[in-house]
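Note sheet for the following structure.
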Amino acid sequence: MNQMSVVGMMKSIVPITRFNKGEANKIFDEVEASGTKIVMKNNKPACVLLSPAQYENLMETLSDYILYTEAEKRMSADDGIGTITHEKMMEELGITPKELDSVDIELE
């Protein structure tokens with residue numbers, strides 16, 4: 001995520017009165033065009049408006065971070081006992097690399 005400058009943050013502030021005046025569609029267009037908006041109510045942040053793409057990106061980043069920290073935790077707890085190499089596992093399962101060449105897998 002990009003850090004927001006002070007000027008950018010000031011431009012992102014939207015008073016709740018704009019919604020009360022029926023400017024919701026205009027505000028949503030601004031979010032789509034220029035990014036995040038911070039809605040202020042009683043001079044305090046009440047909510048943050050994001051485009052669906054920004055929200056999806058944020059959730060994906062959070063999910064990736066959670067998976068990363070779990071992997072780090074598991075790797076630091078691994079003492080190496082009971083683990084085998086990929087080659088040894090393939091041998092024990094009776095799978096050859098040639099057999100895997102014909103398998104089509106799509107990873108995200």
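When all alpha carbon pairs of the chain are counted in 5 Å bins from zero, the resulting P(r) reads 2, 9, 11, 13, 10, 9, 8, 6, 6, 6, 7, 6, 4, 1, 0 %. Full extension of the chain between residue 41 and residue 16 gives 8.4 nm of extra length, using 0.36 nm per residue less the Cα-Cα distance. For the chain, modelled as a GNM whose springs connect Cα atoms under 10 angstrom apart, the maximal fluctuation among 82, 22, 94 occurs at 94. Counting only residues at least eight positions apart within a chain, or on another chain, the lysines with an alpha carbon under 22 Å from that of residue 88 are 98. Please report the relative contact order for the range 1-103, taking Cα pairs under 8 Å with a sequence separation of at least 6, and give it as a percent rounded to a whole number. With pairs under 8 Å counted, the relative contact order is 16 percent.
Per-residue extension of 0.36 nm, minus the Cα-Cα distance of residue 53 and residue 101, leaves a gain of 13.7 nm for this segment. Mind listing which trypsin sites (Lys or Arg not before Pro) in the range 1-46 are in a DSSP loop and have 14 or fewer other Cβ atoms within 10 Å? Hits after loop and neighbour filter: 21.
Among 101, 78, the order of accessible area from largest down is 101, 78, computed with a 1.4 Å probe on protein heavy atoms. 3J(HN,Hα) couplings calculated from phi for the range 81-98 with the Karplus curve 6.51 cos²θ - 1.76 cosθ + 1.60 (θ = phi - 60°) are, in sequence order, 7, x, 9, 10, 6, 4, 4, 5, 4, 4, 4, 5, 8, x, 10, 9, x, 5 Hz; Gly and Pro show x. Beta bridges assigned by DSSP with both partners in the chain are antiparallel in approximately 60 percent of cases. So which lysines can residue 41 reach, going by Cα to Cα under 29 Å and dropping same-chain residues fewer than 8 places off? Residue 41 reaches 11, 21, 26. Applying a DSSP loop filter and a limit of 16 other Cβ atoms within 10 Å to the GluC sites (Glu not before Pro) in the range 1-42 leaves 23. By its C-alpha gyration tensor, with a ≥ b ≥ c as the square roots of the eigenvalues, how is the range 1-41 shaped: rounded for a/c under 1.5, else prolate for a/b larger than b/c, else oblate? Oblate. Tell me the mean residue ellipticity at 222 nm calculated for the chain from its helices only (DSSP H runs of n ≥ 4, each -39500 (n - 2.57), averaged over every residue, nearest 500). Calculated at 222 nm, the ellipticity per residue is -17000 deg cm²/dmol. Compared with the alpha-carbon gap, the fully stretched path from residue 76 to residue 7 is longer by 20.6 nm at 0.36 nm per residue.
The values are calculated or read from the model by the stated rules, or taken from the named source; none is laboratory data. Small disclaimer: the values here were computed from a predicted structure and weren't measured. With ideal geometry, Cβ positions are generated from the backbone for all residues, glycine too; neighbour counts draw on all protein chains shown. Quick note on the areas: whole protein, heavy atoms, side chains included, nothing else; ligands and nucleic acids left out. Shrake-Rupley method; radii C 1.70, N 1.55, O 1.52, S 1.80 Å.
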